[in-house]
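The values are calculated or read from the model by the stated rules, or taken from the named source; none is laboratory data. Every value quoted in this text rests on a predicted model; they were computed, and no experiment measured them. Glycine gets a Cβ as well: all are built from the backbone with ideal geometry, and neighbour counts include every protein chain shown. Accessible surface is based on the protein model in full, side chains and every heavy atom, while ligands, DNA and RNA are left aside. Shrake-Rupley method; radii C 1.70, N 1.55, O 1.52, S 1.80 Å.
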Amino acid sequence: MTQELGRVERPFAASFRGKRKLFLVPRLYEPPDDVEEGIGILEKYWMQVQAQVESLESGLGPIKHIYHEGLTEGGENGLGYLENIDHRCHAFVYAKSQSGAILEATEDAEILGETLDLQRCLMLHFTNNKVAMQIHDWFNDSVRRRYEHVSKRIDETLTEDGIALLIINERHQVQFPDDVDVFFVAPPALDEFRRWVDTWLAKQKSASVENDLDSEPSSDHVSGSAG
C-alpha cells in the first residue's frame, strides 16, 4: 500500500497504529556545479522533503530506521559516505540520526559492485550480439538480486509498529513486504526538478548537435580538398 501525501490527519493516522511504516523519498542526483538553476531547485526540494517528513512524523511518530541506496555500511561509516557523495542529503540524514534514527546498511557490497561493473560494461559498443545479450541478462539478474536484498534488509530490521525512511532512485524495483505501508514523499519541487532536467538535457543535446554541425567541413572545403 503506497500513500502519496505530506500531511496525516489524526483519524487517518490511527488506522496505521501497530503497522510498519516506510517514508519513501526519491533520490535526486546532483546537477553540475555550474548549473545554478538546477542546484537551486534541488536545495528547495530538500527543504520541502524535510517539511513533509516532519509532518508525517507529527502524525505517525518519529523515524527509527534510515535506509539509503548504495550504503553497504550504516552508522558513522555510512554518514561519512553520504557526506562525500551528497551533502544536502547528508545534512538531512545526519539531523535525523541525531534525533535517534539508526542509519542502516542497505546493500550487499558484492551484489552492488557486480551491478555497477555490469552497468559500465553495457556502456561499451558490442560487436557480438550474443555477448551483448548475455551481459544484459546478467545485469538484469544482478539488479533483481540487488533490490531483493534491499527489501530483505528492510524486512529484517524494521520492527513491528516501526517507522523508517528510504532514500532511493525513482526507478527502483524494490518489492516491499506486504505488511509495510509506504508513504511516497513528493514535494512540489520534485516535479519542478524533473521538468528542469528534461529541459536541460534537451538543451545539452541541441548544443551537441550544433557543435557537430559546426565541426563538419563545408561543401566548398570538401570539393576544394578533393581537387
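Just a few scattered comments:
- Considering Glu216, Glu170, the condition of being open to solvent by 70 Å² or more (accessible area, probe 1.4 Å), modelled with pLDDT under 95 and either of a type in the set (Val, Ile, Thr) or more than 21 Å from the chain's Cα centre (by Cα) (or both) is satisfied by Glu216 alone.
- Unmet requirement for Ala51, which otherwise passes all of (1) touching a residue at least 40 places away in the same chain (Cβ under 8 Å); (2) surrounded by 15 or more Cβ atoms within 10 Å (Cβ to Cβ): (2)
Rundown of residues vs (1) in contact with a helix residue (DSSP H, G or I) (Cβ under 8 Å, 6 or more places away or on another chain); (2) open to solvent by 60 Å² or more (accessible area, probe 1.4 Å); (3) free of Cβ contacts under 8 Å to residues at least 24 places away in the same chain, yes/no style:
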position: Glu73; (1), (2), (3): yes, yes, no
position: His90; (1), (2), (3): yes, no, yes
position: Ser97; (1), (2), (3): yes, no, no
position: Glu110; (1), (2), (3): no, yes, yes
position: Gly113; (1), (2), (3): no, no, yes
position: Cys121; (1), (2), (3): yes, no, yes
position: Ile135; (1), (2), (3): yes, no, yes
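- Single unsatisfied condition, Leu56 versus (1) farther than 17 Å from Asn169 by Cβ; (2) out of contact with any Gly (no Cβ under 8 Å at 6 or more places or on another chain); (3) open to solvent by less than 30 Å² (accessible area, probe 1.4 Å): (2)
- Members of the stretch 105-139 found to be among the polar types (S, T, N, Q) and within 19 Å of the chain's Cα centre (by Cα), listed by number: Thr106, Thr115, Gln119
- Within the stretch 1-30, the set of residues being within 25 Å of Val174 (Cα to Cα), modelled with pLDDT under 90 and open to solvent by less than 90 Å² (accessible area, probe 1.4 Å) comprises Gln3, Leu5, Gly6, Val8, Ala13, Ser15, Phe16, Gly18, Lys19, Glu30.
- Among residues of the stretch 174-192 that are more than 24 Å from Leu42 (Cα to Cα), those with a beta-carbon under 8 Å from a residue that is open to solvent by 50 Å² or more (accessible area, probe 1.4 Å) and of a type in the set (A, V, I, L, M, F, W, C) at least six positions away or on a different chain give the pairs Asp181/Met1.
- Test for Ser151: is it outside any loop (DSSP other than H, G, I, E, B), at pLDDT 95 or above, under 17 Å from the mean Cα position of the chain (by Cα) and of a type in the set (Gly, Ala, Ser): yes
- When Ile167, Ile163 are checked against the criterion of being touching a Gly at 6+ places or on another chain (Cβ under 8 Å), under 23 Å from Leu28 (Cα atoms) and touching a residue at least 12 places away in the same chain (Cβ under 8 Å), Ile163 stands alone in meeting it.
- For Tyr67, the criteria (1) assigned to a strand (DSSP E or B); (2) of a type outside the set (Gly, Ala, Ser); (3) loosely packed, with under 15 Cβ neighbours inside 10 Å hold in every case but one, which is (3).
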